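Asker: The structure that follows is given in the form of structure tokens.
The values are calculated or read from the model by the stated rules, or taken from the named source; none is laboratory data. Model, not experiment: these values are computed from the prediction. Cβ sites come from the backbone with ideal geometry, for glycine too, and all protein chains shown count toward neighbours.
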Amino acid sequence: MSFDTQNGTRGGRQPKGALMRWGNKFVMRRISRKGKVPGMGFDALVLTTVGRKTGEERRTPLGCFPGKDNSWLIVAAAAGAPKNPAWYYNLAAHPDRVQVEIPGRRVAVTAEQLHGAEREEAWKEITKAAPQFGKYQTGTDRELPVIRLVPKES
């Protein structure tokens, strides 16, 4: 499946800056140990992608939801910003060079964007578990991409 979600023209402010980088480092350490972030109400993972321009590893903490066949679902929400987050483009460039970190282990995965009925089914489950994603969607004119991370066979 293709990574084809275009940027929008309106939405919230995408979090960034030194405070965000510091917070992400703190959150990633917590996810690596416990798999949860206080106050979020759902599981989380650390996504490692390969930069599409630099070729360097990039790590991002993200909320995650259970998918089919031991996969994980993530949303390229960027807090409802009009633009997709940078990690979305890294996944599009290198969908087979991705890892997730959950408590006690790193797992090599392949990323695929969901479309159509499959996306709608996953979206209903995600917004049921985490209603804030529904609020992000109503605040922007782009469709928030839902990505499935499928573990590679060892």
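Asker: If I ask for residues that are of a type in the set (D, E, K, R) and either outside any strand (DSSP E or B) or exposed (fewer than 15 other Cβ atoms within 10 Å of the Cβ) (or both), which ones from region 90-112 would you list?
Answerer: So the first thing to find is which residues in region 90-112 are of a type in the set (D, E, K, R), and the list is 96-97, 101, 105-106, 112.
Within region 90-112, D96, R97, R105, R106 meet the criteria.
Asker: What tally of residues in region 70-89 results from selecting those that are touching a strand residue (DSSP E or B) at 6+ places or on another chain (Cβ under 7 Å) and in a helix (DSSP H, G or I)?
Answerer: Residues of region 70-89 that are touching a strand residue (DSSP E or B) at 6+ places or on another chain (Cβ under 7 Å), as a first pass: 70-76, 87.
Within this subset, residues satisfying the condition of being in a helix (DSSP H, G or I) are 70, 87.
Of the residues in that region, 2 qualify.
Asker: Which count do you get for residues in region 116-154 that are under 21 Å from V46 (Cα atoms), part of a helix (DSSP H, G or I) and in contact with a Leu (Cβ under 6 Å, 6 or more places away or on another chain)?
Answerer: Counting residues in region 116-154 that are under 21 Å from V46 (Cα atoms), part of a helix (DSSP H, G or I) and in contact with a Leu (Cβ under 6 Å, 6 or more places away or on another chain) gives 1.
Asker: For H115, all conditions in the list (1) surrounded by 15 or more Cβ atoms within 10 Å (Cβ to Cβ); (2) touching a strand residue (DSSP E or B) at 6+ places or on another chain (Cβ under 6 Å); (3) at pLDDT 95 or above; (4) not acidic (D, E) hold save one; what is the number of the exception?
Answerer: All conditions pass for H115, except number (2).
Asker: Still on this structure, I have one more. Go through region 123-154 and report how many residues are aliphatic (A, V, I, L, M) and crowded, with 20+ Cβ neighbours inside 10 Å. Step through it out loud before you land on a result.
Answerer: The first filter runs over region 123-154 and keeps only residues aliphatic (A, V, I, L, M), leaving 126, 129-130, 144, 146-147, 149-150.
Imposing the further condition that a residue be crowded, with 20+ Cβ neighbours inside 10 Å reduces the set to 126, 144, 146-147, 149.
Result for region 123-154: 5.
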